[in-house]
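Have a look at the structure below before the remarks.
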Amino acid sequence: MAREGVLIHAPYERMTEEQVEQIHHASMQILSDPGMISFNSEAAEIFHASGADVTSITSADNPCWSIRIPEKLALYAIDSAPKVVKLGARNKDNSLILNGEEPRVFFVSGSEANIWLDIDFQSYIKKSNHNVEIQVPEFHPRRGTVLDLCQAAHLCEHLESLDALIRPVNIQDKDVTEDNKDVNKFFASLNNTTKHVMIGLTNLEQLDNVVNMARLIVGGEEELKENPIISFITCLVKSPLQFVDDTTQALIEISRRGLPVAIAISPQGGTTAPIKEDGIVTQLNAEVLAGITLSQLVNKGTPVLYGSVPVRVRLDDLGDSYGAPESSQYNVDCVQMARFYKLPCYSTAGVCDAKIPGIQSSIERLFSDIVVTLSGPQYLHCAYGLLGGNATFCPLQAVLDDVHFQMIKFFLAPPQINQSEIDVSLKQLEEVMRTPQKLYIRYIRRMLRNGQLSLPYPFEAGGETDNVLALAYERMNEFISQPVEHIDSATTSKIFQEIPGILPRLNVYEEGREQ
Amino acid sequence: MEDIIALLKENVIQGRKTKDDEGVDGDSIGMPGVIELTQLALESNIPPEVIIEEGLTTGMQVVGDKFAAKEYFVPDMLASAEAVSGAQDILKPYLEDSDAMSKGKFAIATVKGDIHDIGKNIVATLLKGAGYEVDDLGINIPPEKIVEYVREYKPDFLGLSALLTTTMLAMGETIEALKENGIRDSVKVLIGGAAVSEEFAQQIGADAYCVDGFHAIKVLEEFQKVKA
Ligand code: B12
């Protein structure tokens with residue numbers, strides 16, 4: 001069994017077939033000339049050994065290479081990359097099957113905000129009438145910690161629409177260092193959700209510790225191949241067209257181990273890529289194909305996701321504007337390019353510019369949530385809880401997002417229209433016409449009880465008031481008070497014995513820490 | 001006998017009027033519903049008063065509680081009310097000379113010029129389910145027809161519905177007509193519908209304004225108390 005996601009029957013596409021071909025050819029042209037610049041030596045060697053035209057363009061203290069990737073190499077990689085990628089989970093029912101030829105969307109949280117936004121409610125009394133008192137939410141930003149990450153994963157476990165976890169908050173505790181960060185973020189995530197966990201590595205040296213942890217959880221190397229409960233994101237390209245040293249090395253090592261990896265490219269339209277739709281999509285497409293080519297040259301058949309995170313620039317401060325409609329246009333086009341190559345796509349929606357939960361955040365995120373979902377990416381990083389670009393994670397916002405996605409999923413269910421349904425309706429009509437009141441109300445009940453009707457917006461308040469945030473806050477606390485299935489105690493002790501660096505406070509079986 | 005009454009109550013809660021209804025749980029199609037059980041109760045010589053009080057009314061109370069607790073929605077409430085009102089139609093002949101049979105006669109109409117009737121129908125169904133004898137006069141009913149009806153059938157309550165700001169004026173005209181004919185005090189007038197308000201009710205001299213059918217039930221209970 002695997003999660004169902006939502007199948008898009010007629011994916012929304014902006015480009016004609018001819019336009020897709022034009023982008024494809026232009027990307028091939030970019031790959032062969034000017035090609036990529038690589039700050040990673042091994043990548044240069046690998047491309048060179050495979051017949052790419054590699055020349056050193058090293059300046060004084062900065063070794064780097066120009067790599068011109070011939071079209072046939074890129075086409076070989078597109079061909080050898082798997083069209084179906086399985087992402088496993090601690091609870092196998094939470095596995096995801098990403099099929100590049102089937103626009104079935106899975107909704108995923110993400111990614112790595114530095115700030116955690118706490119909420120509390122304060123009372124205010126009306127100046128002109130002291131009997132009127134209202135509750136107003138206050139938001140308190142602070143640096144995220146590893147226990148916040150535990151809580152975020154715990155919450156995500158209970159969000160019905162959420163299919164997999166990309167850790168939404170960066171852990172910045174004093175005792176978290178570059179050396180123990182990876183094991184702690186993976187353990188905190190894996191121990192608090194039974195859904196799939198995808199994470200970017202901080203320190204490549206920790207890769208084997210992380211992989212071993214996952215092996216301990218599933219019971220061995222083969223088991224992990226069969227049920228890859230973890231996968232990785234690598235942002236190996238710095239746009240335009242540059243392989244960064246460390247993340248490129250990470251992609252090489254992850255590919256060697258055959259674990260699933262999203263090759264996520266994030267150019268900013270206007271600064272690091274053209275602001276024009278065709279320009280940014282062509283460049284991103286070339287960059288992602290360069291990454292995919294590298295992964296396939298290292299290890300043919302490495303499960304990769306075509307990862308696109310394009311965003312338009314803001315004009316006031318040159319920051320990212322995920323709320324801009326252009327950002328959604330770019331994303332939708334990239335999904336279409338991935339589908340053209342039949343590769344499973346990691347896409348982006350829901351990131352908003354607003355800094356706190358409210359009207360702006362809802363409008364911005366819901367807009368891209370709907371349009372990008374309709375385009376049918378298999379793995380949609382849709383920013384549950386993220387605010388202010390991706391500077392901030394607010395658990396309350398994640399609860400609101402869950403409801404948005406339930407509505408979107410409901411809307412996308414295929415229509416149930418067939419002769420027997422029509423017969424039922426005709427019979428209802430005949431019955432109603434015989435009654436004096438001529439109302440169909442009695443037939444609502446069956447649909448309601450069968451779960452065929454959408455439920456009312458759960459955070460609606462009475463009268464002329466808006467109490468959404470307070471009601472969502474209650475819901476959030478309910479989720480947090482529900483238990484999650486942790487890794488069992490025997491495996492936990494094994495992990496603590498064999499994997500160095502995990503903070504003792506993450507051990508739920510230790511005295512006084514049992515939850 | 002207790003079994004039949006318990007089943008009756010349960011089927012009111014399920015909103016199953018007849019054996020063909022599936023109710024809330026959906027697993028009892030084919031089993032007797034409120035109509036069949038009411039007949040069975042009569043055949044078993046259970047007094048109609050007991051059927052009403054212990055079966056129908058207590059069942060309806062549970063339904064009201066579930067509605068208040070947001071476990072039930074309006075369609076559930078209506079299904080139960082319809083089932084109860086079906087039972088009352090059966091019981092009516094057996095109760096003819098007993099006062100306990102009905103909480104009173106309630107006539108309801110959508111006023112002249114107005115054809116909206118969804119709200120009016122819902123109110124009628126709910127009131128019938130709550131134990132009132134309801135007479136639905138229909139839509140687009142002019143004041144003179146209402147006067148005629150009140151004179152002849154002497155209802156305890158008159159409900160007027162209007163959804164348009166233009167037709168709500170016909171409510172005032174109706175009350176004036178009742179006055180002119182000297183029968184205004186024979187009947188309590190309740191008004192409702194999207195166009196009207198508490199203020200408007202006072203302005204035209206109606207006895208009460210009701211937001212919805214549930215409110216109407218409460219208002220009527222208050223009237224009963226005052227009367228007692
Ligand atoms: C459905 C509807 C229609 C349907 C009616 C179908 C039917 N079988 O009734 C149709 C399409 C036919 C229709 C026609 C028209 N409609 Co219309 N209609 C509505 C609508 C959308 C909903 C009404 C409704 O059924 N609500 C659901 C029920 C359950 O609620 P309710 O009626 O309010 O009843 C509840 C309470 O008010 C109360 N209640 C009601 N009556 C009573 C009576 C008593 C005694 C008690 C105790 C309680 C009570 O209890 C009920 C149950 O909870 C309203 C919008 C609205 N906000 O009300 C417009 C509305 C009433 N319609 C409107 C208009 C303008 C018209 C038309 C004139 C349009 C046209 N140009 O042709 C025509 C009217 C023709 C006519 N002469 O009446 C306007 C009225 C504006 C105004 N001037 O006041 C409205 C407000 C829409 C709008 N905003 O423009 N309409």
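Observations on the structure shown:
- Out of A:His154, A:His140, one residue alone is in the same structural domain as A:Ser231 (by TED's automatic domain parsing) and crowded, with 20+ Cβ neighbours inside 10 Å. It is A:His154.
- Only a single item in (1) surrounded by fewer than 20 Cβ atoms within 10 Å (Cβ to Cβ); (2) more than 27 Å from the chain's Cα centre (by Cα) is not met by A:Pro11, and it is number (2).
- The helices (runs of 4 or more DSSP H) found wholly in segment A:413-482 and carrying at least 3 residues that are surrounded by 12 or more Cβ atoms within 10 Å (Cβ to Cβ), among the charged types (D, E, K, R) and within 14 Å of chain B (Cβ to nearest Cβ) occupy A:444-449.
- Listed by position, the strands (runs of 3 or more DSSP E) enclosed by segment A:281-371 that each have at least 2 residues that are hydrophobic (A, V, I, L, M, F, W, C) and under 30 Å from A:Ser32 (Cβ atoms) are A:304-308, A:311-313.
- Taking the criterion of being outside any strand (DSSP E or B), more than 11 Å from the ligand (Cβ to nearest atom) and more than 12 Å from every other protein chain (Cβ to nearest Cβ), the residues of segment B:120-137 that qualify are B:Gly129, B:Ala130, B:Gly131, B:Tyr132.
- Considering A:Val403, A:Val432, A:Val424, the condition of being among the β-branched types (Val, Ile, Thr) and in the same structural domain as A:Leu96 (by TED's automatic domain parsing) is satisfied by A:Val403 alone.
- Helices (runs of 4 or more DSSP H) wholly inside segment B:1-119 that include at least 2 residues being among the acidic types (Asp, Glu) and within 29 Å of B:Phe157 (Cβ to Cβ): B:74-95
Here's the yes/no breakdown for (1) touching a residue at least 60 places away in the same chain (Cβ under 8 Å); (2) touching a Cys at 6+ places or on another chain (Cβ under 7 Å); (3) open to solvent by 20 Å² or more (accessible area, probe 1.4 Å):
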residue: A:Val169; (1), (2), (3): yes, no, no
residue: A:Leu216; (1), (2), (3): yes, no, yes
residue: A:Glu221; (1), (2), (3): no, no, yes
residue: A:Lys225; (1), (2), (3): no, no, yes
residue: A:Ile229; (1), (2), (3): yes, no, no
residue: A:Ile233; (1), (2), (3): yes, no, yes
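Conditions tested, residue by residue: (1) modelled with pLDDT of 90 or more; (2) assigned by TED's automatic domain parsing to the domain that holds B:Asp25; (3) open to solvent by 60 Å² or more (accessible area, probe 1.4 Å).
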{"position": "B:Ser85", "(1), (2), (3)": "no, yes, no"}
{"position": "B:Lys92", "(1), (2), (3)": "no, yes, yes"}
{"position": "B:Asp114", "(1), (2), (3)": "yes, no, no"}
{"position": "B:Lys120", "(1), (2), (3)": "yes, no, no"}
{"position": "B:Val123", "(1), (2), (3)": "yes, no, no"}
{"position": "B:Gly131", "(1), (2), (3)": "no, no, no"}
{"position": "B:Asp135", "(1), (2), (3)": "yes, no, no"}
{"position": "B:Gly138", "(1), (2), (3)": "yes, no, no"}
{"position": "B:Pro142", "(1), (2), (3)": "yes, no, no"}
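The values are calculated or read from the model by the stated rules, or taken from the named source; none is laboratory data. Here the structure is a predicted model, which is why all the values come from computation and not from measurement. When we count neighbours, we look across all protein chains shown, and the Cβ atoms used for this are built from the backbone with ideal geometry, even at glycine. Protein only, heavy atoms only, side chains kept; ligands, DNA and RNA dropped before computing areas. Shrake-Rupley method; radii C 1.70, N 1.55, O 1.52, S 1.80 Å.
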